[in-house]
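Engineer: Pasting a structure here, questions to come.
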Amino acid sequence: MKKIVFTLALVAAICFCRATSISAWEDDRFRFHFRTVNFPGDTFTQLLGINDSGTIAGYHGAAVNKGFVFTFPNDFDLENFPNSAQTQVIGINNRGYTDGFYIDNAGTNHGFLDINGTFTTVDFPGTTLNQLLGLNNLEQAAGYYADAAGIDHPYIFDHNGGVFLVITIPAAVGGAQATGINDNGSISGFYIDSKGTNHGFVIAKGRFQTLDFPGSTLTQAFGLNNHDEVVGQYVDASGLTHGFIFDDGRFTSVDDPEGVGTTTINGINDRRQIVGFFVTAGGNTNGFVGSE
């Protein structure tokens, strides 16, 4: 597949849109019933994406990552890039197509798409580290590449035509990642400023918004749905990690009851089901699904 790179059009659109920093906080707007999901026989499971049918993308194994697609009640279908050393399955759309990244036997990270069982490597031209982190129903994937200096650059890859759209965020001197894209073209992600601080962001309806959970020392946005509801994680002043939902200008802090202070939310579907993971007191990493 021939891959085409565009930068100026998208950069201009972002640089001329109004930038806003969001910090309003309203707790308890969402209440969830949580279910723990663990890969059989493993102590490390992360759930990373969920589609509107409740099918979930994720991986297991702390030392060696192995991807899967999960459906309730207990159906794990293994999904690993052919001949890879490790695979993480991260995004999943309503057709069951997935994206993520794999590590080859030489230790190089590559993005990938799995379209109806056909795997395709997705690497930004001339780079040696790529990851795809979100996928919409139009076969557009959000991800990033690292340059020779190790700085991350966010992009959108459109499978229809093999086009890359590179996103430039002027404040992201320490790098940035695009982590999700919905069917309206809204994009989630995070960037690192000149002080080394992580800030979440969302690009929606022609506007770039910086997302900082109030009182946090780090905020990262990891995904969004077609209602522009954004999920991610933040670190509080005590160094504890919590999940969040950002909706209509307000944040809601969300913790799995079994992982208060160690919760990350990585995905949300249009039914407001969320997926992520938490770390137990014993050091295990458990996946979870939250439903209203």
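The values are calculated or read from the model by the stated rules, or taken from the named source; none is laboratory data. Given the structure is predicted, the values throughout are model-derived calculations rather than measurements. Please note: Cβ atoms are built from the backbone with ideal geometry, for glycine as well, and neighbour counts cover all protein chains shown. Note: accessible area is taken over every heavy atom of the protein model, side chains too, but ligands, DNA and RNA are not part of it. Shrake-Rupley method; radii C 1.70, N 1.55, O 1.52, S 1.80 Å.
Engineer: Out of Ala63, Gln273, Asn116, whose Cα points farthest toward the positive end of the dipole of the chain (charges: +1 Lys, Arg; -1 Asp, Glu; placed on Cβ)?
Structural biologist: Asn116
Engineer: Find, among the trypsin sites (Lys or Arg not before Pro) in the stretch 147-219, those assigned to loop by DSSP (not H, G, I, E, B) with at most 13 other beta-carbon atoms within 10 angstrom.
Structural biologist: Details: sites: Lys195, Lys205, Arg207; in loops: Lys195, Lys205.
Taking the stretch 147-219 and a limit of 13 other Cβ atoms within 10 Å, the loop trypsin sites (Lys or Arg not before Pro) found are Lys195, Lys205.
Engineer: What ³J(HN,Hα) values, in whole Hz, does the Karplus curve 6.51 cos²θ - 1.76 cosθ + 1.60 give for the stretch 276-282 when θ = phi - 60°, with x put for Gly and Pro?
Structural biologist: x, 7, 9, 10, 7, 4, x
Engineer: If you don't mind, another one. With +1 on each Lys and Arg Cβ and -1 on each Asp and Glu Cβ, how big is the dipole of the stretch 56-118 about its Cα centre, in debye rounded to the nearest 20? Present the calculation step by step, with values, prior to reporting the outcome.
Structural biologist: On the way: 2 positive and 6 negative charges, 13 e Å.
Computed charge dipole of the stretch 56-118: roughly 60 debye.
Engineer: If you roll a 1.4 Å probe over the chain with all protein chains in place, what percent of the accessible area is carbon or sulfur?
Structural biologist: Working: 6130 of 12070 Å².
Carbon with sulfur: 51 percent of the solvent-accessible area.
Engineer: Compute the signed sum of charges (Lys and Arg +1, Asp and Glu -1) over the other residues within less than 12 Å, Cβ to Cβ, of Arg271. The partial results should precede the final answer.
Structural biologist: On the way: positive: Arg272; negative: Asp52, Glu229, Asp270, Glu292.
Neighbour charge sum, excluding Arg271 itself: -3.
Engineer: At a Förster distance of 22 Å, what's the computed FRET efficiency of Ile115 paired with Asp228, Cβ-Cβ distance as r, to 0.05? Don't skip to the end; give the middle numbers.
Structural biologist: Details: r = 26 Å, r/R0 = 1.16.
Efficiency at R0 = 22 Å is approximately 0.30.
Engineer: Which of rounded, prolate, oblate describes the stretch 62-151, given a ≥ b ≥ c as roots of the alpha-carbon gyration tensor eigenvalues and a/c under 1.5 marking rounded, otherwise prolate only if a/b is larger than b/c?
Structural biologist: Working: a/c = 2.13, a/b = 1.40, b/c = 1.52.
Cα axes put the stretch 62-151 in the oblate bin.
Engineer: Then there's this: If you take the charge dipole of the chain about its Cα centre, with +1 on Lys and Arg Cβ and -1 on Asp and Glu Cβ, which of Ser84, Gly259, Asn130 is farthest toward its positive end?
Structural biologist: Value computed over the given set: Asn130.
Engineer: Next question, about the same structure. With θ set to phi - 60° and the Karplus curve 6.51 cos²θ - 1.76 cosθ + 1.60, what are the ³J(HN,Hα) couplings of the stretch 120-137 in order, to the nearest whole Hz, using x for Gly and Pro?
Structural biologist: 9, 6, 10, 10, 4, x, x, 10, 10, 9, 9, 9, 9, 10, x, 8, 9, 7
Engineer: What percent does the relative contact order of the chain come to when contacts are Cα pairs within less than 8 Å and at least six residues apart? Walk me through the numbers before you get to the answer.
Structural biologist: Details: 861 pairs, mean separation 55.9, N = 292.
Across the chain, relative contact order equals 19 percent.
Engineer: Whole number in Å², please: accessible area per residue of the stretch 78-235, 1.4 Å probe, ligands, DNA and RNA not counted.
Structural biologist: Values: 5610 Å² over 158 residues.
Solvent-accessible surface per residue comes out at 35 Å².
Engineer: Here's something else I'd like to know. Calculate the spin-label point distance for Thr127 paired with Asn284, positioning each point 7 Å from the Cα along the beta-carbon direction, and give it in nanometres.
Structural biologist: For Asn284 paired with Thr127, the spin-label model returns 3.7 nm.
Engineer: Where a ≥ b ≥ c are the square roots of the eigenvalues of the C-alpha gyration tensor, would you call the stretch 121-200 rounded, which needs a/c under 1.5, or, failing that, prolate if a/b is larger than b/c, or oblate?
Structural biologist: The shape class here is oblate.
Engineer: Then there's this: By its C-alpha gyration tensor, with a ≥ b ≥ c as the square roots of the eigenvalues, how is the stretch 166-214 shaped: rounded for a/c under 1.5, else prolate for a/b larger than b/c, else oblate? List each step's numbers first, then the result.
Structural biologist: Working: a/c = 2.10, a/b = 1.63, b/c = 1.29.
Prolate is the answer for the stretch 166-214, as a/c is 1.5 or above and a/b outweighs b/c.
Engineer: Let me ask another. So for the pair Asp52, Glu258, with labels modelled 7 Å out along Cα→Cβ, what separation do we get in nm?
Structural biologist: The modelled label-to-label distance comes out at 3.0 nm.
Engineer: How many angstrom lie between the C-alpha centres of the stretch 83-113 and the stretch 227-292?
Structural biologist: Their Cα centres are 23 Å away from one another.
Engineer: At 0.36 nm per residue, and after removing the present C-alpha to C-alpha distance, how many nm does the segment from Arg207 to Asp75 gain when stretched out fully?
Structural biologist: Numbers: separation 132, 0.36 × 132 = 47.52 nm, distance 4.02 nm.
Additional length available on full extension: 43.5 nm.
Engineer: Something else now. Write down the Kirkwood hydrodynamic radius of the stretch 161-277, to one decimal in angstroms, obtained as one divided by the mean of 1/r over all alpha carbon pairs. Intermediate results must be reported in sequence, preceding the final value.
Structural biologist: Details: mean 1/r = 0.0698 Å⁻¹.
So the Kirkwood estimate lands at 14.3 Å.
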